[in-house]
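S.K.: Would you mind keeping the following structure in view while I ask a few things?
The values are calculated or read from the model by the stated rules, or taken from the named source; none is laboratory data. Fair warning: this is a prediction, and the values are worked out from it, not measured in the lab. Note: ideal-geometry Cβ built from the backbone for every residue, glycine included; neighbour counts use all protein chains shown.
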Amino acid sequence: MAKKTLQLGRTVPTPDSPSKAQLDTVPNPHPDTNYLARFTAPEFTTLCKITGQPDFAHLVIDYVPAKVLLESKSLKLYLTSFRNEDAFHEDCTVGIGKRLFTLLKPKWLRIGGYWYPRGGIPIDVFWQAGKLPKDVWVPDQGVATYRGRG
């Protein structure tokens, strides 16, 4: 099987859909150390499955790496590919978490999807998997409870 080429350092078009997106990993330089890595995507966008209107969320992804790290450019391209997808908030948030957990095989991963309101109701979705090591500090995700998310 041929080794895939990283998307980092070259021009790459945005994938048409999340299923076509390539997520890249790189070796963890500290596999013997428990630490938390965090990605924050405050401008995540997808489409409402019913109306086709845009939905917006602030995603926070925390994980304790094992052998590999998630390469950030590939994550950005993956998340951007949702702009053409119609899905419910729960499906996006949990689906992203499951795909990352399957790919990375981290010691622990959680995702918080803080969705801006549609119809006056914000929907927040949380998912986690794995076992959090006792010696890892996990800060609050830092997203305000709804008051304009500001």
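S.K.: Read through the list (1) more than 16 Å from GLY112 (Cβ to Cβ); (2) in contact with a Cys (Cβ under 6 Å, 6 or more places away or on another chain), then give the number of the only condition that GLN7 fails.
M.R.: (2)
S.K.: Residues in segment 1-24 that are farther than 23 Å from HIS58 by Cα and either among the acidic types (Asp, Glu) or touching a helix residue (DSSP H, G or I) at 6+ places or on another chain (Cβ under 8 Å) (or both): how many?
M.R.: 4
S.K.: Since LEU109 meets every condition but one in (1) exposed (fewer than 15 other Cβ atoms within 10 Å of the Cβ); (2) in a strand (DSSP E or B), which condition does it not meet?
M.R.: Failed condition: (1).
S.K.: When both residues are 6+ apart or on different chains and their Cβ atoms are under 7 Å apart, which pairs have a first residue that lies in segment 130-150 and is over 13 Å from PRO42 (Cα atoms) and in a loop (DSSP other than H, G, I, E, B), and a second that is of a type in the set (Asp, Glu) and at pLDDT 95 or above?
M.R.: Listed pairs, sorted by first residue: VAL138/ASP62.
Okay, residues lined up against (1) among the small types (Gly, Ala, Ser); (2) over 30 Å from TRP137 (Cβ atoms); (3) modelled with pLDDT under 95:
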{"residue": "LYS3", "(1), (2), (3)": "no, yes, yes"}
{"residue": "LEU23", "(1), (2), (3)": "no, no, no"}
{"residue": "PRO27", "(1), (2), (3)": "no, no, no"}
{"residue": "PRO31", "(1), (2), (3)": "no, no, no"}
{"residue": "THR40", "(1), (2), (3)": "no, no, no"}
{"residue": "ALA57", "(1), (2), (3)": "yes, no, no"}
{"residue": "VAL60", "(1), (2), (3)": "no, no, no"}
{"residue": "VAL64", "(1), (2), (3)": "no, no, no"}
{"residue": "GLU71", "(1), (2), (3)": "no, no, no"}
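S.K.: Could you please tell me which pairs satisfy a Cβ distance under 7 Å, a separation of 6+ or placement on different chains, a first residue in segment 12-41 that is on the phi < 0 side of the Ramachandran plot, and a second residue that is surrounded by fewer than 11 Cβ atoms within 10 Å (Cβ to Cβ)?
M.R.: Close Cβ pairs satisfying both conditions: GLN22/LYS4; ASN34/ASP135; LEU36/TRP137.
S.K.: From the list GLY119, GLY113, which one is modelled with pLDDT of 95 or more and over 24 Å from VAL26 (Cα atoms)?
M.R.: Working: GLY119 fails: modelled with pLDDT of 95 or more.
None of the others qualify; the one that does is GLY113.
S.K.: Considering each residue of segment 132-150, count those that are closer than 24 Å to ASP55 by Cβ and surrounded by 14 or more Cβ atoms within 10 Å (Cβ to Cβ), and give that number.
M.R.: Residues in segment 132-150 being closer than 24 Å to ASP55 by Cβ and surrounded by 14 or more Cβ atoms within 10 Å (Cβ to Cβ): 4 in total.
S.K.: Could you please give the count of residues in segment 55-95 that are of a type outside the set (D, E, K, R), touching a Lys or Arg at 6+ places or on another chain (Cβ under 8 Å) and surrounded by fewer than 18 Cβ atoms within 10 Å (Cβ to Cβ)?
M.R.: So the count comes out to 4.
S.K.: Another one. How many residues does segment 112-131 contain that are surrounded by fewer than 20 Cβ atoms within 10 Å (Cβ to Cβ), of a type in the set (Gly, Ala, Ser) and closer than 25 Å to SER17 by Cβ?
M.R.: Number satisfying all stated conditions: 1.
S.K.: What strands (runs of 3 or more DSSP E), lying completely within segment 1-100, carry at least 3 residues that are over 11 Å from the mean Cα position of the chain (by Cα)? Spell out how you get there, then give the answer.
M.R.: Details: elements: 25-27, 37-47, 54-64, 68-70.
Fully inside segment 1-100 and qualifying: 25-27, 37-47, 54-64.
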